[in-house]
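Readers should treat all values here as calculations from the given coordinates under stated rules, not as data from a laboratory. Remember, predicted model here, so these are calculated numbers, not experimental data. Glycine also receives a Cβ, built like all others from the backbone with ideal geometry; neighbour counts cover every protein chain displayed.
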Amino acid sequence: MTFLLAIVIGVLYATAMFLMLRRNIVKILLGLAVLGQAGNLLVFTAGGVVAERGQAPLIAADETVLTPPAQDPVPQALVLTAIVIGFGVMAFAFTVFKQAYRATGSDDVHALRDPAR
Amino acid sequence: MSPLGDLVVLPMLVPMATAIACLLVWRHGGLQRGLCVVGSVVHLAVGLRLLAGVLEHGVLATSVGDWPVPFGIVFAMDVLSAVMVVLTGIMATAVSIYAIADIDDERVRHGFCPVFQTLIMGVSGAFTTGDLFNLYVQFEVMLTSSFVLLALGSGRRQLVGAIKYVTLNLLASAIFLAAVGLLYGMTGTLNMADLSVALAGERARLAPEMVTMIGAMLIVAFGMKAAAFPMFFWLPASYHTPPAAVSAIFSGLLTKVGLYSLIRMFTLMFTVNLGWTHGLLLLLAGITMIVGVLGAVAQGEIRRLLSFQIVSHIGYILMGLGLMVALSPVAAPGGDPEAARAAVALALTGAVVYTMHHIVTATSLFLIAGTVERVGGTGRLERLGGLTRTVPALGVLYLVAALSLSGIPPFSGFWAKAALVKSGLELGQGAVVAAALVTGALTLYAMMRAWSEAFWKPAPPPEAGGVDERDRPGPMHPRERRLRLGPIVGLALLIVTIGLLPGPFFGLARRAADQLLDPASYVAAVRSIESPRPDWPEVRERLERRRAAEGGARGEGPDASAVEKDGRAADDAAEAPGAAADAAAAPVAVPESAPVPEVAP
């Protein structure tokens, strides 16, 4: 499972980098979005995946503590926070990119040079 | 534990309350501006009180929600944090006063004041947090606010600048988050004090290349945010586009948060492979200085020139941190460790003084540049001129800040540079010292060229490119004059005070540096936070057992699990100082060539 996730993360990072190196600002945005997902998946995987014998980190009714083996809940909390932050930031980034497209009339990064004054 | 400990969160809460108050009076722009100033002054007062508390009681720390350490989010304040918070308060006060004159009503209607305060909240939070993931969150609070401040007003130039800024900073955040995830996967903790012990412990020593790789990721992420070479180009591409008040607070504080994080990470946590990580930082410092100042020399617009100067002078602060390389056992095999340690302490002291000096000077220069643009009608140096006659006071203030930036006595920059150069020479790092001196000379050249262009030469006639009489903005109203020049005069006085009375500032920086070099007090303060909640011994016990079982299953042998247990046992407050001292001593005691036990796949 970890091995599979590692490959997925690698592919996501490669895709994100490829997209971010394009000249089209929409592709750069998509690259940023994919990059965020790759990072989230990396945090999730690095926290340890116990898929074979793992359970959701729920404490049974008659227990006071978590019974292992269970998935570590901390990386999940981190990823959740990161997703929420990423959502807000991406929404803002989309707005700025759209406004810039309106102002410059182009979706090419070369149009983003500082105009001579 | 001092009763002040719980107040460590105040530097975050005050700006948050101010931002909320500003939102409540959304329709009243004038009131919002007033609240913004009042909030900043209260923030400064809180910062000063906490600084006094830290000097009196040592490191202050609190665990939010009273969760037992290391499970809760910890806020901790040592001398460096406190100094940074105080500087944040001073800059916020100066800039919020200046903003009354500089920021137009349109921007205030769209929420300049609350966003400015959330920026201060994020910056203060980043300076005080003791939790790595919380640092990421604070960075995002700060970045999101800065995105809005940068784009607010939506001029074409601003949007174009904002795209570069947003993209690069999001990339840096993603790398930072990945590093946090890997670090958690490796150590099982996010608490910085806990990480400090874990990374110096046996388990981390089993995988030094992993620690170094995560360290490298953090250098990339924070280096980008601090605008160090090679990822600095977003800064000069964006800092000159928003109103001067915004670029002033950015230039003073935002890159410093990146630098602060680098200093925190690479003194508290990543001291295992000093030769590699700090050697890299030192190399980057030298290149950053030279590349930045060469960029500044080539610029023809005042705020672009200053942006490159910021990049360049980030290098000096990095140099102070990078000089810690001398503590590596490989760097000076035959040297005198005591002398090296003293010189490194001086280097870190220099870095802290330089940070103080640079925050004040950079903010002041950007405020001056904004006033130059306001009076002269343009920021292009060849079109400006004759400002010594129109606003003589501004010429003097610019000279004070510019000479201070170049390191000319009796201004603040001189002493900071002197300390860095002296320690660099003592440690035999001739190359970076040469880079620092050359950069100082080129800075003087670039700043004086701007002075003679904008202030000294007569204003060029319109046919030679000068600003037309009709386009020239009117002279400043007395009230506007007070609001613009008042904060600049205050900052100039601070620059002169640091220059003429460096003693107390060096004393403060020295205490900060001593704490940085010996993380034991930080670790002990965090670990001794008392929690009224039960300590859940059974949770801890199970965690230990699970870890031990995992260690065995992964083939790390009995060694790893034994050490793990050791590390957990050190959670006990009574044992903490001893364990922490071990942590501090470990990087020096371990030779780089320590045999690494075979790890089965």
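Taking a quarter of the surface of the Cα convex hull of segment B:257-313, what do you get in nm²?
4.1 nm²
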Q: Please list, in chain and number order, the residues 5+ apart from residue B:457 or on another chain whose amide H is under 5 Å from its amide H, with Hs placed from the backbone.
A: B:386
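Take every residue in peptide A:73-80, count the Cβ atoms of other chains within 10 Å of its Cβ, and give the average of those counts. Write out the running numbers ahead of the final one.
On the way: counts 0, 6, 5, 0, 1, 9, 2, 0.
Mean shielding by partner chains, rounded to a whole number: 3.
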**Q.** Inter-site label distance for residue B:422 and residue B:482 at 7 Å from Cα along Cβ, in nm
**A.** 4.3 nm
Q) Taking Cα pairs under 8 Å and at least six residues apart, what relative contact order does chain B come out at, in percent? A) 16 percent
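If each DSSP helix of 4+ residues adds -39,500 (n - 2.57) and the sum is divided by the residues in chain B, what number results at 222 nm, nearest 500 deg cm²/dmol? Each step should come with its number before you reach the end.
Numbers: 26 runs with 426 residues, N = 601.
Result for chain B, helices only: -23500 deg cm²/dmol.
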Q: Using a Förster distance of 35 angstrom, determine the FRET efficiency expected from the C-beta separation of residue A:94 and residue B:64, and round it to 0.05.
A: 0.60
Q: Please report the base-10 log of the normalised intensity I(q)/I(0) for segment B:439-500, using a Debye sum with one equal scatterer per alpha carbon and no solvent, at each q in 0.12, 0.17, 0.23, 0.30 (1/Å).
A: -0.54, -0.95, -1.07, -1.07
Q) R0 = 56 Å: FRET efficiency of residue A:23 with residue A:77, Cβ-based, nearest 0.05? A) 0.90
**Q.** Sites excluded, trypsin sites (Lys or Arg not before Pro) in DSSP loops with at most 13 other C-beta within 10 Å, longest stretch of chain B
**A.** B:28-469
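Divide by every residue of chain A the summed helix terms, -39500 (n - 2.57) for each DSSP H run of at least 4, and state the resulting mean residue ellipticity at 222 nm, rounded to the nearest 500 deg cm²/dmol.
Working: 3 runs with 73 residues, N = 117.
Roughly -22000 deg cm²/dmol at 222 nm, from the helical runs in chain A.
Can you give the Rg to Rh ratio of segment B:229-374, both from alpha-carbon atoms, with Rh computed by the Kirkwood formula? Provide the component values of the computation, followed by the final result.
Details: Rg = 16.6 Å, Rh = 16.0 Å.
When Rh is taken as the Kirkwood radius, the ratio is 1.04.
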Q | At q = 0.08 Å⁻¹, base-10 log of I(q)/I(0) for the protein assembly as shown (Debye sum, equal scatterers on each alpha carbon) | A | -0.62
Q. Taking the Cα-to-Cβ direction at residue B:342 and at residue A:30 and moving 7 Å from each Cα, how far apart do the two end points lie in nm?
A. 6.3 nm
**Q.** Diffusion constant of segment B:168-219 at 20 °C, which comes from Stokes-Einstein with the Kirkwood Cα-pair radius and 1.002 mPa s, µm²/s
**A.** 190 µm²/s
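When each pair of different Cα atoms in segment B:3-526 is counted once in the 1/r mean, what is the Kirkwood radius in angstroms, to one decimal? List each step's numbers first, then the result.
Working: mean 1/r = 0.0435 Å⁻¹.
It is 23.0 Å.
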Q: Send over the per residue convex hull volume for chain A, Cα only, as a whole number of Å³.
A: 111 Å³
**Q.** Spacing of the two label points (7 Å from each Cα toward its C-beta) at residue B:471 and residue B:431, in nm
**A.** 4.7 nm
Q. In percent, what relative contact order does segment B:179-309 have, based on Cα pairs under 8 Å that are 6 or more apart in sequence?
A. 29 percent
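Under 8 Å for C-alpha pairs, at least 6 residues apart: give me the relative contact order for segment B:34-136, rounded to a whole percent. Walk me through the numbers before you get to the answer.
On the way: 102 pairs, mean separation 35.0, N = 103.
Normalised by residue count, the contact order of segment B:34-136 is 34 percent.
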Q) Residues with amide H under 5 Å of residue B:69's amide H, sequence separation 5 or more or different chain, H placed in the peptide plane at 1.01 Å from N; which? A) none
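What does the net charge come to around residue B:25 if you take all other residues with beta carbon closer than 13 Å to its beta carbon, with K and R at +1 and D and E at -1? Before the final figure, lay out the partial values.
Working: positive: B:27, B:33, B:109; negative: none.
Computed value for this residue: +3.
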Q. Can you give the FRET efficiency for residue B:496 and residue A:14, using 1/(1 + (r/R0)^6), R0 = 60 Å, r = Cβ-Cβ distance, to the nearest 0.05?
A. 0.65
